[in-house]
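The values are calculated or read from the model by the stated rules, or taken from the named source; none is laboratory data. A quick note: this is a predicted structure, and the numbers were derived from the prediction, not measured. Every residue, glycine as well, gets a Cβ built from its backbone with ideal geometry; the counts of neighbours run over all protein chains shown.
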Amino acid sequence: MKNQRTTSLQLLLTYLRPQKWTVALLTVLMLAAIAVQLINPQIMRTFLDGVQNNRPLNELINFAALFIILAVVRQVFQLASTYVGEVVAWTATNDLRADLAYHCLKLDMGFHKVHKPGELIERVDGDINQLATFFSQLVIRLSANLVLCTGAIILLWTIDWTIGLTISVVIFSGILIIRFLNTMAIPRVQALREIEATLFGYVEEWLHGTETIRSNAAEPFVMQRLYQLLRERWHRGHASMKLTVALNGVPNTVFSLAYITVFTLGAWRFFDGRISIGTLYITFYYIDLLRDPLWQLTRQIEQLQRAQASINRINELFAEQPTILDRPRYTTLPSAAEGMMVEFDQLEFAYADEPETPVLQGVNFTLKPGTILGLLGRTGSGKTTLTKLLIRFYDPTGGAIRLGDGRTQIDLREVAQSDLRRQIGVVTQQVQLFNATVRDNLTLFDDTFADENIEAALRKVGLHNWLDELPNGLDTHLAADGGLSAGEAQLLAFTRVFLADPQLIILDEASSRLDPATEQLIEKALDKLLENRTAVIVAHRLATVYRADEIMILSQGRVVEHDRREALVANPDSHFYQLLQTGMTEAFA
């Protein structure tokens, strides 16, 4: 618990410190409301005693008016504190959500390979939503309620020390019981949040793969797994709920004992004449005043349980750190007028979750500037993994990859990732479109691109007629799925590369989604795009391979053949020659 509290405090300080004056205002408003709440019954006490002692009517009216004014002032303070608290909450949670989302974006592809999008959405959004009250009012109100309880008990001691002592013992015993139950509840709530994240991740995966599931009649398996997760969620929720019920029962017991004490001691002293009617009233009032804070403490501790469980899970996610890091002193890639030179030096690689299964072994080759490499191989041969290493989504487990201008070659690990990815353009089979304008989808939200350059790039890929038909041109809003054909989406991806103007281009099955008519639209554009640039093209189709200067064939992570395309075509003993005879699509199917 000590470490958990320290973590919670650090989180609070991190996201509330920028709002320190707003938090200070919130604290003042809440303390002012408490002060009025403690003072106002004293006025009522004076009023009742004045009635009992036949004090002048005008004095009684003044006391009544003051009581009403302070009651209204208290409501104003509470309303203002609620508003300010919501401002603090939304500001803090939005900042935390942005930081956590950015942290997830920086994590390695190996992390995203293991964790489903639905699970991360539940972490970034669901867990942080649990902290809205925590940031705004939970901690301050929890402290305020403790101050209110302490103030009420002190005032009960001033009325009668025996009543004050008895109520103190009862109240503090209840608080200790609540605290004990709270320590038991937090792990159960955290376990519930974990199974919920797993469940949401599964549902996201299921919804994304609905077409595949239905076409393969896999509904029974999906539902069986769903029922298993729902059953586990119910068991963990039931375990958490049992402690919640026990927590909710504590205030009832505490106040039953408190009322018995007041009825016994207070009534006895009133009938003996040792306390007035006003004093008896205020005694009951402060007992009632303790009721709401203690009930709120119970609910707030329940909220604190959920908040603490969410904080623990958020910290677990923050504890995940990327292993692909820029070195303190990094090198800038040299400018290459004729494309980058690419060198693979005895490259070895295996994924972290399967270290005993190497994906690439002893890959050793060099591409001169301006060379186009056709990369071939069966599914699972390591083609896509090689391209991911080239853009440094992963680091090799052995050997090195170097880029340069032909005179100076630099290990990728020595280059800043931002500089590296500015120099490399990638087009894959899957095109990600965003719920944004055409302009933002092409520039990826970089506002430094002029509209003239964007329109010129669209003309190069043959989308100028498509642009002219859009109702708002570049300002036309696209949905997340784009509402576009596969070919149009692929052409937009090529347009992004034209705008970025990289020195090295990776095309990973980039033309696999294009029909022959659409593919012809980009043939001339590709000729211009690949001019004076180095390119690695992963493909099965002959039309794409004939564009390559060199051919490399991978098998089980090893290079089995690499040479000039013309040399391989002329060699009847080469693997590539045999592939041409059988047809590449059939050979790699």
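Report yes if residue 437 is polar (S, T, N, Q), under 25 Å from the mean Cα position of the chain (by Cα) and within 26 Å of residue 339 (Cα to Cα), otherwise no.
So residue 437 fails the test.
For the range 440-452, enumerate the residues that are surrounded by fewer than 19 Cβ atoms within 10 Å (Cβ to Cβ) and touching a residue at least 12 places away in the same chain (Cβ under 8 Å).
Taking the range 440-452 and keeping what is surrounded by fewer than 19 Cβ atoms within 10 Å (Cβ to Cβ), we get 440, 444-452.
Across the range 440-452, the qualifying residues are 444, 449, 451.
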- Task: Could you check, for the range 408-421, whether at least one of its residues is under 13 Å from residue 504 (Cα atoms) and surrounded by 17 or more Cβ atoms within 10 Å (Cβ to Cβ)?
- Result: yes
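Based on what the data block shows, is residue 33 in contact (Cβ under 8 Å) with a residue 24 or more places away in the chain and touching a Lys or Arg at 6+ places or on another chain (Cβ under 7 Å)?
Values: in contact (Cβ under 8 Å) with a residue 24 or more places away in the chain: yes; touching a Lys or Arg at 6+ places or on another chain (Cβ under 7 Å): yes.
Here the answer is yes, as residue 33 does meet what is asked.
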- Query: From the list 84, 72, which residue is touching a residue at least 24 places away in the same chain (Cβ under 8 Å) and part of a helix (DSSP H, G or I)?
  - Reply: 84
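Considering only the range 123-141, I want to know if a residue exists there that is assigned by TED's automatic domain parsing to the domain that holds residue 288, over 25 Å from residue 93 (Cα atoms), part of a helix (DSSP H, G or I) and modelled with pLDDT under 75.
Kept after step one, since they are assigned by TED's automatic domain parsing to the domain that holds residue 288, are these residues of the range 123-141: 123-141.
When the remaining residues are screened for being over 25 Å from residue 93 (Cα atoms), the result is none.
Looking through the range 123-141, none of the residues is assigned by TED's automatic domain parsing to the domain that holds residue 288, over 25 Å from residue 93 (Cα atoms), part of a helix (DSSP H, G or I) and modelled with pLDDT under 75.
Of all residues in the range 329-359, count the ones that are of a type in the set (A, V, I, L, M, F, W, C) and assigned to a loop (DSSP other than H, G, I, E, B). Write out each step before concluding.
As a first pass, look at the range 329-359 and keep what is of a type in the set (A, V, I, L, M, F, W, C): 333, 336-337, 340-342, 344, 347, 349-350, 352, 359.
Narrowing further to those that are assigned to a loop (DSSP other than H, G, I, E, B): 333, 336-337, 340, 350, 352, 359.
Number of matching residues: 7.
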- Task: Would you check if there is a residue in the range 396-417 being closer than 30 Å to residue 454 by Cβ, assigned to a strand (DSSP E or B) and more than 30 Å from the chain's Cα centre (by Cα)?
- Result: yes
- Item | Extreme residue, nearest to the chain's Cα centre (by Cα), among residues of the range 1-27 that are at pLDDT 80 or above and surrounded by 14 or more Cβ atoms within 10 Å (Cβ to Cβ) | 15
- Message: For the range 503-548, which positions are basic (Lys, Arg) and modelled with pLDDT of 65 or more?
- Response: 524, 528, 533, 541, 547
